[in-house]
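Okay, structure first, notes after.
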Amino acid sequence: MKTVTHWVGGKPYGDAARASGSWGAVTDPATGEVTAQVAMARADEVDAAVAAAKEACATWRTSSLTHRIAILFRYRELLNAHRDDLAALITAEQGKVHADALGEVDRGLEIVELACGLGMALKGDTSTEVSSRLDVASVRQPLGVIVGISPFNFPAMISMWMFPMAIACGNTFVHKPSSKAPSASMLLAELAAEAGVPDGVLNIVHGDEVAVNALLDHPDVAAVSFVGSTPVARHVYSRASAAGKRVQALGGAKNHMLVLPDADLDAAADAAVTAAYGSAGQRCMAVSVVVAVGSTGDELVSRIAERAGKVKIGPGNDPTSEMGPLVTRAHRDDVADYVAGAAADGATVVLDGRNFTVEGLENGHWLGVTLLDKVSTESDAYRDEIFGPVLCVVRAGTYEEAIRIINGSPFGNASSIFTSDGGAARRFQLEVETGMVGVNVPMPVPVGYHSFGGWKDSAFGDHRMYGSEAVHFYTRGKVITSRWPNPVQPATGPDLGAPAAR
């Protein structure tokens, strides 16, 4: 059986012969079979990873920006050459279809490319002669050892949202990926080493709360970047902040899509199906609630049901599949329980995916597309993040009622409006209480040079991910005030050679 170990100091760390004793099972979501075992880090293994990162930081942080960027350019080329390999690992352990997995890799590559062009973002400012011979300069310097903790649903992309920006800024990194889908991160580390990332600059430890808490408490860790559920995000933020660390912790979501009567209902229905059921609903930007305003509801639900019923569900390595399984059997059963609960609370089950299975793969973690209409805002299916292929439709009489419903949610990750009315769209942009907003766009994921993050219980900490805010998160500012007398420069003779860039 395949064994997934840690990556410390530029090479695999630990193996089945080590008396670590604690191993987690990695399953193929399409078959339910255990395909690998992953090492679960002890506190001393966490210490080894942080120590390697701390040692490497002494030279990496003082290496030239030109040198760091050159390595990242080589890394980008290697990642692009191994897109299919990364996608195959994602499909095998996370379950998403291959085309979706390729899209994940491409969105991660976008941030690697952003890191390759970080020179402009890292340059400082200087004011000369603020007083007689007095200059003031502002510079940004790396923090030190950064920890990244990422979830199972995007095992490559979210990793690439974190460490390329961090190491481009001169930090070193310890990554704790999800033990449900650990292999993509190991390939990312191997390719980084091949690109020339020095030993210890990027390290990986797998594990559970033992590893997480050891990282949050470690005195040599300067900052923590996290993506996951809201309860864990709150824990990470509280514990790491109490230990004096800088923290960005992105939590869960309940993304609403408001549809006004003047919207193009075919476009809205297409968008709802795409955003609700892509990746089997296992993404923080998925639309999980459609708020249908006025007379829109019945016709919109009919059009969504027609399209959703045609979604081809199957294993991710089947090129005809449009949606794959859920990541674990336990998660699949939790999602099914929400459907039963919504029905008990009075919702109309328009499409019920609880009895769906794939012939020959009956032990896979299958749940078909599910559509719930007239869902009560008091129902758990509405209030909680389900993280599965379940779309709830809530009815509202007016725009004002709809915006109250959306803003009443404790989550504030993303929202969208579908309308032909520019005034209504503008009003929605300003009034909705979410960090990311789409206008006739169901999943408003910002491009790399903007920043990603929500409001309220969807995010903890002051900095968003990637974009310009990532530079501020992974560095700290310093202001230098200096005064010098007129220099007397001794002659050194001419030198017609080009100055060394490194």
Q: Scan around Val8 for amide H atoms under 5 Å from its own, H built in the peptide plane at 1.01 Å from N, and keep only partners 5 or more places away or cross-chain.
A: Tyr13, Ile204
Q | Distance (nanometres) between label positions extended 7 Å along Cα→Cβ at Glu378 and Thr126 | A | 6.7 nm
Q) Amide H neighbours of Val393 under 5 Å, counting only residues 5+ apart in sequence or on other chains, H built in-plane at 1.01 Å? A) Val290, Leu372, Asp373, Lys374, Val375
Q | Under-5 Å amide H pairs with Val224, H placed in peptide plane, nonlocal only | A | Val147, Arg246, Val247, Gln248
Q | Cβ-Cβ FRET estimate between Leu430 and Val479, R0 fixed at 30 Å, reported to 0.05 | A | 0.30
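Considering Cα pairs under 8 angstrom that are at least six residues apart, work out the relative contact order of the chain and quote it in whole percent. Kindly include the intermediate steps, with their values, before the conclusion.
Details: 1158 pairs, mean separation 91.1, N = 502.
With pairs under 8 Å counted, the relative contact order is 18 percent.
How high is the relative contact order of the range 32-181, given as a whole-number percent (alpha carbon pairs under 8 Å, six or more residues apart)? Let's see the in-between values first.
On the way: 191 pairs, mean separation 44.6, N = 150.
Relative contact order for the range 32-181 comes out at 30 percent.
Do the sum for the chain: with -39,500 (n - 2.57) for every DSSP H run of n ≥ 4, divided by all residues, what is the mean residue ellipticity at 222 nm, to the nearest 500 deg cm²/dmol? Spell out each step's value before the answer.
Details: 16 runs with 190 residues, N = 502.
Using -39500 (n - 2.57) per qualifying helix, the result is -11500 deg cm²/dmol.
Output the direction-averaged projected area (hull surface divided by four) of the convex hull of the alpha-carbon atoms of the chain, in nm².
Numbers: hull surface 112.2 nm².
Value for the chain: 28.0 nm².
Probe radius 1.4 Å, ligands and nucleic acids ignored: give me the carbon and sulfur share of the accessible area of the range 343-424 as a rounded percent. Intermediate results must be reported in sequence, preceding the final value.
Working: 1490 of 3320 Å².
That fraction is 45 percent.
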**Q.** Efficiency of FRET between Glu306 and Glu194 - r from beta-carbon atoms, R0 41 angstrom, step 0.05
**A.** 0.25
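Compute the longest continuous run of the chain that contains no exposed chymotrypsin sites (Phe, Trp or Tyr not before Pro); treat a site as exposed when its DSSP state is not H, G, I, E or B and it has at most 16 other Cβ atoms within 10 Å.
On the way: sites that count: Phe356, Tyr449.
With chymotrypsin sites (Phe, Trp or Tyr not before Pro) excluded where exposed in loops, the chain gives 1-355 as its longest stretch.
Going by a ≥ b ≥ c, the root eigenvalues of the Cα gyration tensor, does the range 364-481 fall in the rounded group (a/c under 1.5), the prolate group (a/b larger than b/c) or the oblate group?
Judged from the Cα gyration tensor, the range 364-481 comes out prolate (a/c at least 1.5, a/b above b/c).
Starting from 0.36 nm per residue, how many nanometres of slack lie between Asp208 and Asp421 once their C-alpha separation is accounted for?
Values: separation 213, 0.36 × 213 = 76.68 nm, distance 4.85 nm.
Value of the extension gain: 71.8 nm.
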(Q) Need one value: the accessible area of Ser64 in square angstrom, 1.4 angstrom probe, rounded to the nearest 10. (A) 40 Å²
Q: Could you please state, rounded to a whole Å, how far the C-alpha centre of the range 391-438 is from the C-alpha centre of the range 213-254?
A: 29 Å
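Report relative contact order for the range 401-472 in percent, whole number only (criteria: Cα-Cα under 8 Å, sequence separation at least 6).
Numbers: 113 pairs, mean separation 22.7, N = 72.
Dividing the mean separation by the residue count of the range 401-472 yields 32 percent.
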Q) What order do Glu359, Glu93 take when sorted by accessible area (1.4 Å probe), most exposed first? A) Glu359, Glu93
Q. Taking the alpha-carbon centroid of each part, what is the distance from the range 135-196 to the range 308-380 in angstrom?
A. 33 Å
(Q) Over the chain, with the other protein chains present, what is the accessible area per residue in square angstrom, probe 1.4 angstrom? (A) 41 Å²
Q) By its C-alpha gyration tensor, with a ≥ b ≥ c as the square roots of the eigenvalues, how is the range 1-79 shaped: rounded for a/c under 1.5, else prolate for a/b larger than b/c, else oblate? A) oblate
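What do you reckon, how do Arg404, Arg76, Arg283, Arg133 stack up by accessible area (1.4 Å probe), largest on top? Kindly include the intermediate steps, with their values, before the conclusion.
Values: Arg404 155, Arg76 60, Arg283 35, Arg133 105 Å².
So the residues, ranked largest to smallest area, are Arg404, Arg133, Arg76, Arg283.
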Q. What number of lysine-lysine pairs in the chain show an alpha-carbon separation below 15 angstrom, given a sequence spacing of 8 or more or placement on distinct chains?
A. 5
**Q.** Of all accessible heavy-atom area on the range 171-277, the percent that carbon and sulfur account for (1.4 Å)
**A.** 51 percent
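How would you classify the range 256-383 from its alpha-carbon gyration tensor, with a ≥ b ≥ c the square roots of the eigenvalues: rounded for a/c under 1.5, else prolate if a/b is greater than b/c, otherwise oblate? Before the final figure, lay out each step's value.
Working: a/c = 2.09, a/b = 1.40, b/c = 1.49.
Oblate.
The values are calculated or read from the model by the stated rules, or taken from the named source; none is laboratory data. Owing to the predicted nature of the structure, the values given are computational and were not obtained by experimental measurement. As a convention, Cβ positions derive from the backbone with ideal geometry for all residues, glycine included, and neighbour counts pool all protein chains shown. Remember, those area values only see protein heavy atoms, side chains included, never the ligands or the DNA or RNA. Shrake-Rupley method; radii C 1.70, N 1.55, O 1.52, S 1.80 Å.
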